[in-house]
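So the structure is just underneath, and the comments pick up after that.
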There are 2 protein chains.
Amino acid sequence: MTDAFIAVDWGTTNRRVSRIEQGSAVATQRDGMGILSVPPGGFPAAVAALRAKLGALPVIMAGMVGSNRGWHDAGYVACPATLETIASAVVQPDEGVLIIPGVYVDTPERADVMRGEEVQLLGAVAAGLAPGDALLCQPGTHNKWATLRQGAIVDFTTAMTGELFALLKSHALIGSEMAGEVNADASFRAGVVASADADLLAALFGIRAASVLGKRAPGEAAAYVSGLLIGNDCRARLRQPEQTVYLLADGLLARLYTAAITIAGGKVVAIDSHASFIAGITQIRNFMS
Amino acid sequence: MTDAFIAVDWGTTNRRVSRIEQGSAVATQRDGMGILSVPPGGFPAAVAALRAKLGALPVIMAGMVGSNRGWHDAGYVACPATLETIASAVVQPDEGVLIIPGVYVDTPERADVMRGEEVQLLGAVAAGLAPGDALLCQPGTHNKWATLRQGAIVDFTTAMTGELFALLKSHALIGSEMAGEVNADASFRAGVVASADADLLAALFGIRAASVLGKRAPGEAAAYVSGLLIGNDCRARLRQPEQTVYLLADGLLARLYTAAITIAGGKVVAIDSHASFIAGITQIRNFMS
């Protein structure tokens with residue numbers, strides 16, 4: 001079992017840990033021990049606890065654990081980025097522990113960074129779930145859209161779609177009207193349709209006006225705002241008619257993005273983000289051995 | 001002096017009070033006694049205090065004092081709205097006290113409301129500061145853009161530009177980078193230029209990426225975000241090349257909107273919002289006597 005290792009997708013607030021043998025996850029646990037819950041200097045002990053549970057194995061980690069707020073800043077590799085260029089830039093903060101770097105794009109027009117998503121995005125190709133030339137979307141607080149060419153990330157865009165929804169709900173004047181549940185329902189779809197005019201600042205105040213004038217039932221505003229934001233995000237990314245988006249999501253986010261991308265004229269292929277992660281991190285390890 | 005009266009522009013957090021004689025403000029005070037600072041049942045006493053200071057005169061009020069959180073809900077009149085249709089719908093919550101209604105627009109495409117701004121917008125025409133056919137902008141937390149035809153408000157749009165800036169600064173991940181001052185400087189102008197691609201969700205995360213990659217000097221992000229938001233707002237409103245915008249603003253907001261409208265291809269005529277208010281409310285009173 002010398003090829004066995006522990007893979008950790010260690011984010012800000014969550015963590016997913018797998019024991020991997022011959023490219024398959026034989027045990028996986030998900031918990032809320034994101035990097036913010038680790039006390040200063042606490043990463044070696046946290047990793048020792050994982051080894052006590054999953055085996056005294058090499059550990060390879062991705063995500064915010066490699067940021068300047070994590071264990072050790074693993075930096076970023078440039079686009080075009082492949083699993084091989086990422087593997088060549090891992091850092092080793094401790095014996096038998098590796099942290100993989102993020103990816104950046106920096107052109108005269110714009111700059112962007114990702115950390116953690118690169119394993120899933122490139123792993124989707126390694127797993128055979130997406131072709132080497134594709135547009136991939138990984139929804140979340142900071143939504144990632146990546147363009148792959150010949151299996152490399154050549155460009156990507158992060159949209160603060162999820163964060164802005166949370167901000168509006170918690171702190172905006174219209175937040176008090178956003179108590180309802182979000183589903184891929186008629187209200188959500190109406191928001192996606194309304195996003196076509198790309199006038200987000202006016203559409204958001206329209207929530208307040210519709211409420212004052214009694215034009216929207218209570219409980220529908222949250223789904224409508226979600227549709228506005230996700231619709232705006234998808235429309236900005238879909239540059240060709242009937243473009244296929246490989247969607248790394250499941251559950252509610254998968255349903256919402258599938259509806260929005262479809263309304264915006266695209267096609268969706270939903271793919272398994274955990275399987276993509278396992279394939280990606282296994283291949284990174286293979287490049288290093 | 002039977003034409004003398006007290007005009008109150010009573011907003012959520014601020015209040016501006018003028019004693020008006022023969023169409024001119026002979027005394028004006030501005031204070032922080034917005035409607036939120038008035039205790040339940042406290043409006044009669046607050047008005048009595050104004051009369052003790054400015055004279056035992058009729059009082060005409062506009063703004064949030066006429067909302068369901070104010071003294072008395074004065075409702076809204078429909079577009080096209082004129083000073084005459086507004087005058088015909090005032091409510092009288094107390095002897096010698098009048099509150100003027102807001103204005104709404106409600107079409108199959110969208111709905112919008114204003115309360116308080118209608119006096120300045122229509123008053124600008126009454127004062128001879130803007131023509132009867134014009135696009136007017138009144139910047140603020142909830143920015144108003146009104147289309148006037150033959151001296152009537154026929155359509156308007158509210159954008160939550162100012163509120164979104166405040167939300168991002170106080171609560172977003174990028175808020176920690178928005179500590180700098182906002183001026184109509186190179187950073188602001190760069191944000192206005194960047195707003196041309198109408199991809200606000202990605203541009204906002206770009207603040208974070210630029211910071212991580214060391215591409216923007218500390219202190220410049222606030223002005224850049226302001227430029228992004230105001231630029232986005234102005235570009236959505238300017239539908240003709242070299243369109244003239246009559247801008248009801250002074251100070252920093254006037255400088256920012258003048259820069260953004262100019263970069264977006266429009267022309268600006270700055271007009272005095274207080275003079276507009278006095279002309280508007282005087283004419284409303286004349287229609288009622």
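Inter-chain Cβ neighbour count for A:205-217, averaged per residue, equals 5 (cutoff 10 Å, partner chain atoms only). In degrees, nearest 10, range 0 to 90: what is the angle between the Cα axis of helix B:200-212 and the longest Cα principal axis of chain B? Helix B:200-212 and the main axis of chain B meet at about 50 degrees. The region of chain A that goes longest without hitting one of the GluC sites (Glu not before Pro) in a DSSP loop, each with at most 12 other Cβ atoms within 10 Å, is A:1-94. Counting only other chain Cβ atoms within 10 Å of each residue's Cβ, the peptide A:104-113 averages 5. Remark: spin-label model distance A:Thr262-B:Ala49 equals 5.9 nm, labels positioned 7 Å along the Cα→Cβ axis. Taken across both chains, chains A and B shield about 3300 Å² of accessible surface from a 1.4 Å probe. Between A:Ala270 and A:Leu247, the built amide H atoms are under 5 Å apart, and every one of these is 5 or more places off in sequence or on another chain.
Site pair A:Val154 and B:Gln243 shows an inter-label distance of 3.7 nm when each label is modelled 7 Å from Cα along Cα→Cβ.
Would you mind telling me the antiparallel percentage of the DSSP bridges in chain A, rounded to 5? That works out to approximately 65 percent antiparallel.
Model label sites at A:Leu252 and A:Met288, defined 7 Å from Cα along the beta-carbon direction, differ in position by 3.5 nm. Taking a ≥ b ≥ c as the square roots of the eigenvalues of the Cα gyration tensor, chain A is prolate, since a/c reaches 1.5 or more and a/b is larger than b/c. Each residue of segment B:36-50 was assigned a 3J(HN,Hα) from its phi angle through the Karplus expression (A = 6.51, B = -1.76, C = 1.60, θ = phi - 60°), giving 5, 8, 8, x, x, x, x, 5, x, 5, 5, 6, 4, 5, 5 Hz with x at Gly and Pro. In the context of the full set of protein chains, residues of segment B:161-271 present 39 Å² of accessible surface per residue (probe radius 1.4 Å, heavy atoms only). What you get for segment A:5-128, charging only the Cβ of Lys and Arg (+1) and of Asp and Glu (-1), is a dipole of about 480 debye around the Cα centre. Within the accessible area of segment A:77-179, the carbon and sulfur atoms contribute 49%, probe 1.4 Å, all protein chains present.
Between amide H atoms placed 1.01 Å from N, distances below 5 Å from B:Ala74 occur with B:Ser67, all of them 5 or more places distant or on a separate chain. Between 0 and 90 degrees, rounded to the nearest ten: what's the tilt of helix B:273-288 against the longest Cα principal axis of chain B? So the inclination is approximately 30 degrees.
Taking the DSSP bridge list for the protein assembly as shown and keeping only pairs wholly inside it, about 65 percent are antiparallel.
Over chain B, dividing the summed -39,500 (n - 2.57) contributions of all DSSP H runs of at least 4 residues by the number of residues returns a 222 nm mean residue ellipticity of -11500 deg cm²/dmol. Karplus-based coupling profile of segment A:162-167, in residue order and whole Hz: x, 5, 5, 4, 5, 4, with θ = phi - 60° in 6.51 cos²θ - 1.76 cosθ + 1.60 and x standing for Gly or Pro. Placing one equal scatterer on every Cα of segment B:122-200 and applying the Debye formula, the log10 ratio I(q)/I(0) at q = 0.20 Å⁻¹ is -0.98.
Sorted largest first by accessible area at a 1.4 angstrom probe radius, with every protein chain in place, the residues B:Leu148, A:Leu238 fall in the order A:Leu238, B:Leu148.
Accessible surface ranking for A:Asp155, B:Asp197, 1.4 angstrom probe, highest first: B:Asp197, A:Asp155.
Placing a label point 7 Å from the Cα of A:Leu36 along the Cα-to-Cβ line, the residues of segment B:150-177 whose backbone N sits under 14 Å from it are B:171-176. In segment B:161-271, the alpha-carbon atoms span a convex hull of 90 Å³ per residue. Taking only the C-alpha atoms of the protein assembly as shown, the Rg (one decimal) and the largest Cα-Cα distance, Dmax (whole number), read 28.1, 100 Å.
Here's the list of aspartates and glutamates a cross-link from A:Lys169 could span, going by alpha-carbon distance under 14 Å and ignoring same-chain residues fewer than 8 apart: A:Glu177, A:Glu181, A:Glu220, B:Glu163.
The values are calculated or read from the model by the stated rules, or taken from the named source; none is laboratory data. Keep in mind the model is a prediction, meaning the values are calculated, not measured. Cβ sites come from the backbone with ideal geometry, for glycine too, and all protein chains shown count toward neighbours. Ligands, DNA and RNA are excluded from the accessible area calculation, which covers all protein heavy atoms including side chains. Shrake-Rupley method; radii C 1.70, N 1.55, O 1.52, S 1.80 Å.
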